Amino acid sequence: MSPADSSPASQTAPVVAVVGGGQLARMMAEAAAALAIPLRLLAETPGVSAAQVIGDHLVGDHTDLAALRRLVEGCSVVTFDHEHVPSEHLRTLESEGTSVRPGPAALVHAQDKVAMRRALSALGLPVPRFAVVADLDEVTAFGLPCVLKASRGGYDGRGVWFVRTAEEAEAAMRAAAVSGVPVLAEELVDFRRELSALVARSPSGQAAAYPVVESVQRDGICHEVVAPAPGLSDALAARAQELALRIARELDVTGILAVELFETAEGGLLVNELAMRPHNTGHWTQDGAVTSQFENHLRAVLDLPLGSPRARSRWTVMVNILGGPGAEPGRLYDGYPHALARDPALRVHLYGKEPRPGRKVGHVNAYGDDLEECRDRARHAAAWFAGELGDESE
């Protein structure tokens, strides 16, 4: 008998299967516990982030159909910590009676950048100029400088190359060839900043839109999020939310959809990326919104009424904690005495991961009425946990 079978809640509440043992599944577990919704996890290896807090878990490969079948046995629905499960496996699970949310027909647009660009273009939505390229001649015909992207498998800056010369393009195409997937060329957009519009949508069609946020990216990794985006006009914020809601509806997304956007120098919007799961740009909602993205994702995949996405405070700033060059195993907990004593209102979320350079090992949220004060509080705490500040720092 599994832990889920032995709990009183499992006698009435549906079990939700989650593929992937990263921090998103870990934070989903917190929301699930509050709602008494049992989770069952497919973890990549023993002891990964989510497996530390979800007792009902099995270890297996998300590309192994047999492991996926074991995961969903007795579960009402399956959802995801990441988007890398093969579509053919998800279609098989659907044909065998498991509700897959988001479904494979929707999820492919988060898995495959070419499919995403073509679908959004067909809907008449604003996207950067793009083309599928097979060799250097096609890249130069598209026009330099540009951005080259592996159509599948990339994340946090991996599989993305900014090329300005033919030599850089040739090197990028050689690197992309290793993945064996088509390569997408996109125009190098002159943008003012990056925004994210986060929405939740249920199978019955109910939807909720969170405040549009500004995200700060470095080396392809999200470092900081400000909610709401400072200085964003009401009209442009509404336009971003409308875009996200339309994409969720047209692509039949269930759960959380994050639409990453460029705010162009001319004041328009272009869709950059899609994610169909809880997203880094929505971590601020844990402490800054009435209903977190993790709770609304679970509500959505179970077709429960959605919670309010309204902000609790004037400002919330989320800063990721990244492992630095001098990252030491087992030292993150040592940051608590300083960070929590200095700022009792600070909210800290650690992922149970050992730090290594560039790895996301946690995040902090600071909220309040003064934006610059919130920024300073969140940045200081994140830097302290990352080992970038010494004992002399105030």
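Bear in mind that the values in this text are calculations on the coordinates, not laboratory data. Everything numeric in this text was worked out from a predicted model, so none of it was measured. Neighbour counts run over all protein chains shown; Cβ positions are idealised from the backbone, glycine included.
The table below lists the values:
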{"quantity": "Net charge dipole size for region 3-100 [Lys, Arg +1 and Asp, Glu -1 on Cβ; Debye, nearest 20]", "calculated": "180 debye"}
{"quantity": "Charge-dipole axis of the chain as Lys and Arg at +1 and Asp and Glu at -1 on Cβ define it, positive-most pick from 47, 220, 119", "calculated": "119"}
{"quantity": "Region 17-43-region 251-310 distance, computed between alpha-carbon centres (Å)", "calculated": "17 Å"}
{"quantity": "Spatial extent of region 13-110: Rg and Dmax, with the Cα atoms as the point set, Å", "calculated": "12.2, 34"}
{"quantity": "Helix-only [θ]222 nm of the chain, DSSP H runs n ≥ 4, -39500 (n - 2.57) each, per residue, nearest 500", "calculated": "-9000 deg cm²/dmol"}
{"quantity": "Hull volume in cubic angstrom per residue (convex hull over the Cα atoms of region 129-187)", "calculated": "67 Å³"}
{"quantity": "Relative contact order [Cα under 8 Å, 6+ residues apart], the chain, whole percent", "calculated": "12 percent"}
{"quantity": "Average projection area in nm² (convex hull over Cα atoms of region 191-385, one quarter of hull surface)", "calculated": "11.0 nm²"}
{"quantity": "Peptide ranges 104-113, 62-71 listed from the most packed, as the mean C-beta count within 10 angstrom indicates", "calculated": "104-113, 62-71"}
{"quantity": "Value of D in µm² per second that Stokes-Einstein yields for region 46-177, Kirkwood Rh from Cα pairs, at 10 °C (1.306 mPa s)", "calculated": "91 µm²/s"}
{"quantity": "Within the chain, percent of DSSP bridges classed antiparallel, to nearest 5", "calculated": "80 percent"}
{"quantity": "Set of lysines with alpha-carbon distance to residue 113 below 18 Å, sequence-local pairs under 8 removed", "calculated": "149"}
{"quantity": "Spacing of the two label points (7 Å from each Cα toward its C-beta) at residue 122 and residue 87, in nm", "calculated": "1.0 nm"}
{"quantity": "Rounded, prolate or oblate (a/c below 1.5 giving rounded, otherwise prolate when a/b exceeds b/c) for the chain by Cα gyration tensor", "calculated": "rounded"}
{"quantity": "Residue order, fewest to most beta carbons within 10 Å, for 75, 374", "calculated": "75, 374"}
{"quantity": "Footprinting exposure proxy for 216, 16, 317 (fewest neighbouring C-beta atoms within 10 Å first)", "calculated": "216, 16, 317"}
{"quantity": "Net charge contributed by nearby residues that have their C-beta within less than 13 Å of residue 179 (K/R +1, D/E -1)", "calculated": "+4"}
{"quantity": "The chain - charge dipole about Cα centre, Lys and Arg +1 at Cβ, Asp and Glu -1, debye rounded to 20", "calculated": "700 debye"}
{"quantity": "At most 13 other Cβ within 10 Å, DSSP loop - GluC sites (Glu not before Pro), region 70-176", "calculated": "73, 96"}
{"quantity": "For residue 270, net neighbour charge (Lys/Arg +1, Asp/Glu -1) across residues whose Cβ lies under 13 Å away", "calculated": "-3"}
{"quantity": "For region 218-278, Kirkwood radius (reciprocal of mean inverse C-alpha pair distance, Å)", "calculated": "12.8 Å"}
{"quantity": "Radius 12 Å from Cβ of residue 375, net charge of other residues (Lys, Arg +1; Asp, Glu -1)", "calculated": "-4"}
